[in-house]
Amino acid sequence: MADHLTRFLGGTTGQWRVLRTRVVTGAGLAPVVRLAIVDPGNALPVEAADWVLRGVASYERYVTRPERQLLTARQERLGRPHATCAALIPIAKSATWWDLTQDERRAVLETRSGHIRTGARYLPAVARQLYHCRDLGEPFDFLTWFEYAPRDEGAFDELVGLLRDSEEWQFVEREIDMRLERSDG
């Protein structure tokens, strides 16, 4: 699993400048001015970071084959030159969520909340990657990463608002919304 592990380092260095951080619910993180993303195989040291969040981009747990095909067809890659805005949104869900069976979570996530359908409407403008953290003993269950062009910020805000208004978000106990801008400085 270590070869699939991505680390998000909050501190004073990194390719992303932190524009603002908002604690949506639960405890926050130490304030930082930069974020570095360390992909598998990159040996960037973590000693200087104020905090490190780790996650694994693994298989999609709740999508059907047709949904996967739709997402794959519409999703553009991360790192697009024009997508200079990003959001890192770490999320932890309640014990009640994790006590549900996989099919019960799927029913809340998609059947009743429309998470996948909603997200698909904002592709390709908003590229995304979900990192799983729960099995790593991390403080969050998921790290959600989004990239978009400045002109698509309103669409991204609308997407996040729709998801937060869904039944699924009743299970969120901790959420931080960190907005970033790609910067060489």
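A short reminder: the numbers here are calculations on the coordinates, not readings from a lab. What you see is a predicted model; the values in this text were computed from it and never measured. When we count neighbours, we look across all protein chains shown, and the Cβ atoms used for this are built from the backbone with ideal geometry, even at glycine.
Here are the numbers:
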{"read-out": "Gaussian network model of the chain, springs between alpha carbon atoms under 10 Å - residue of Thr64, Thr72, Thr13 with greatest fluctuation", "value": "Thr64"}
{"read-out": "Note, ³J(HN,Hα) from phi for the stretch 129-144, Karplus 6.51, -1.76, 1.60, rounded to Hz, x at Gly and Pro", "value": "8, 9, 10, 8, 10, 3, 6, 9, x, 7, x, 10, 7, 9, 10, 9"}
{"read-out": "Area projected by the alpha carbon convex hull of the stretch 53-98, averaged over all directions, nm²", "value": "5.0"}
{"read-out": "Degrees separating the helix 65-74 axis from the principal Cα axis of the chain, which is the longest one", "value": "40"}
{"read-out": "Degrees separating the helix 153-164 axis from the principal Cα axis of the chain, which is the longest one", "value": "50"}
{"read-out": "Centroid-to-centroid separation of the stretch 1-39 and the stretch 112-172 [C-alpha atoms, Å]", "value": "16"}
{"read-out": "Protection proxy ranking of 121-133, 151-163 - average other beta-carbon atoms within 10 Å, highest first", "value": "121-133, 151-163"}
{"read-out": "Tensor-based shape of the stretch 67-141 (alpha-carbon gyration tensor, a/c under 1.5 rounded, otherwise prolate or oblate)", "value": "oblate"}
{"read-out": "Binned Cα-Cα distances of the stretch 112-160, short to long, each 10 Å bin given as a whole percent", "value": "23, 44, 28, 4"}
{"read-out": "Cβ-defined net charge surrounding Gly114, 10 Å radius [Lys, Arg +1; Asp, Glu -1]", "value": "0"}
{"read-out": "The chain - Kirkwood radius from inverse mean 1/r over Cα pairs (Å)", "value": "17.0"}
